[in-house]
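K.L.:
Here you go, one structure.
Derivation of every value follows stated rules applied to the coordinates shown; laboratory data play no part. Not measured: the values here are computed from a predicted model. Glycine also receives a Cβ, built like all others from the backbone with ideal geometry; neighbour counts cover every protein chain displayed.
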Amino acid sequence: MAQYRTFTAADAIQYARQHVGWDDASALVDAQEVGDGNLNLVFRIVDHQGVSRVVVKQALPYVRCVGESWPLTLDRARLEAETLRAHSQHCAEHTVKILHHDPQLAVMVMEDLSSLHIWRRELVQGRYYPQAAAQLGHYLAHTLFHTSDFWLHPHEKKAQVVRFINPEMCEITEDLFFNDPYQKHQRNRYPSELEDTVALLRNDDQLRTAVAALKHRFFSQAEALLHGDLHSGSIFIGEGQLKVIDAEFGFYGPIGFDVGTAIGNLLLNYCGLAGLLPPREAAEARELRLQDVKIVWRQFEHQFLTLAVEKTNDDALAWSGYAPLFLQKVLADAIGYCGTELIRRTVGMAHVADLDTIRDDAMRSACIAQAIHLGKALILAAPHVAHVNDFIARIRQYG
Ligand code: SR1
Ligand code: MG
């Protein structure tokens with residue numbers, strides 16, 4: 001069994017040659033390290049012609065963007081590969097294909113997606129993909145329904161919950177989403193002129209109670225196998241195509257968390273657009289983003305309900321009134337978690353290019369302030385929103 005070692009580019013090429021069934025393995029000659037996330041090494045393996053053929057990803061034993069002072073479990077590579085494979089069983093068209101993985105080396109080999117683009121980069125440039133929202137809703141419905149109690153036998157579901165226990169990665173989310181922004185913490189980062197705005201988060205009793213309830217549900221509601229970090233930097237996009245990557249935060253949690261973080265990233269872009277594009281283009285792009293949010297929810301809801309009617313295996317959950325009631329609760333959860341994503345990406349440690357790349361300092365701060373206000377309003381409103389149109393109306397009101 002291979003002992004863990006950190007890969008060099010040469011190791012990554014050698015590994016890709018050995019672990020995928022190539023006719024022309026010797027054609028793989030170069031590796032470019034392209035990891036731009038917070039955690040891992042990512043090598044794109046390239047052939048003689050400079051064509052990218054496959055991706056080798058390795059988990060480091062620490063948080064890459066911080067360094068060795070923040071150690072992190074290598075088991076996340078197993079969880080990532082197994083989550084992606086489980087999701088792929090039910091939504092192969094929107095899940096990156098894992099060709100090989102080795103839990104000891106914390107390495108996986110994945111299909112190359114370099115013909116596609118990272119969605120966040122496209123959103124920052126104001127590029128629009130009309131099919132993306134519907135495809136994201138489809139991905140959410142199919143991955144979440146088929147890993148839930150609606151579909152799985154109760155014994156199988158419980159075994160899956162155990163298999164996907166992911167305490168260290170969940171702890172990162174528990175801290176970064178639900179603790180840090182609501183207290184003074186050295187990891188927090190925000191413009192100093194927003195100190196008063198951020199202090200209001202710490203001192204708002206109703207908000208703190210709502211955030212505690214969201215965290216409690218994140219701890220305790222093992223509803224489905226989540227992606228766990230479904231932001232627009234974890235989604236590749238192209239004409240007619242959408243593929244999700246990076247599932248190392250996968251675990252059994254509340255369905256509204258995946259739906260809410262995905263929508264939250266569309267809203268982070270909505271808040272940043274005024275600083276990213278000229279006024280008229282920004283206004284048009286903001287309308288498209290609201291349309292995207294509505295379509296993600298509608299597509300998710302429609303497909304989940306259809307699957308529930310056609311395929312629910314449990315006798316009680318199959319009762320016709322139950323799935324619509326459950327989805328009401330998922331909408332409320334999603335809006336709450338969406339709000340926490342807006343706040344943790346602006347006040348907390350892990351930021352997004354949709355806001356950070358705004359060049360003008362005053363405009364950047366104004367956009368960040370808007371995201372914080374919107375996040376807070378959504379967390380407070382979440383239990384009272386019964387329909388997606390009401391959700392959109394509240395975004396228009398507070399965003
Ligand atoms: C310490 S990791 C910070 C963030 O990066 C990842 O992509 C997750 O979003 C995590 O919250
Ligand atoms: Mg990631």
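K.L.:
Where Rh is the Kirkwood radius over the Cα pairs of the stretch 117-398, the temperature 20 °C and the viscosity 1.002 mPa s, what D in µm²/s does Stokes-Einstein return?
P.N.:
For the chosen part, D equals 113 µm²/s.
K.L.:
Simple spin-label model, 7 Å along Cα-to-Cβ: Ala393 to Thr8 in nm?
P.N.:
6.4
K.L.:
Above 18 Å lies some portion of the pair distances; for the stretch 206-339, what is it as a whole percent of all C-alpha pairs?
P.N.:
In whole percent, the long-distance tail amounts to 62.
K.L.:
While we're looking at this one, here's another question. I need the peptides 67-76, 100-109, 142-151 ranked by packing, meaning the mean over residues of other C-beta atoms within 10 angstrom, with the highest value on top.
P.N.:
The densest-packed peptide leads the list: 142-151, 100-109, 67-76.
K.L.:
Provide the per-residue ³J(HN,Hα) series for the stretch 91-101, in order, calculated from phi with Karplus coefficients 6.51, -1.76, 1.60 and θ = phi - 60°, each as a whole number of Hz, with x at glycine and proline positions.
P.N.:
Couplings: 8, 4, 5, 10, 10, 4, 8, 9, 8, 6, 8 Hz.
K.L.:
Within the stretch 288-325, name every residue whose backbone N is under 16 Å away from a label modeled 7 Å from Cα of Ala386 along the Cβ vector.
P.N.:
324-325
K.L.:
So if R0 is 22 Å, what FRET efficiency would Arg187 and Thr357 give, r being the distance between their Cβ atoms, rounded to the nearest 0.05?
P.N.:
0.55
K.L.:
Per-residue counts of other Cβ atoms within 10 Å, averaged by peptide: what ranking do you get for 234-241, 34-41, highest first?
P.N.:
234-241, 34-41
K.L.:
Would you mind checking the pairs Lys184/Lys329; Lys243/Lys329; Lys97/Lys329; Lys215/Lys294; Lys184/Lys376 and listing those with alpha carbons more than 29 angstrom apart?
P.N.:
Cα-Cα > 29 Å for Lys184/Lys329; Lys97/Lys329; rest within.
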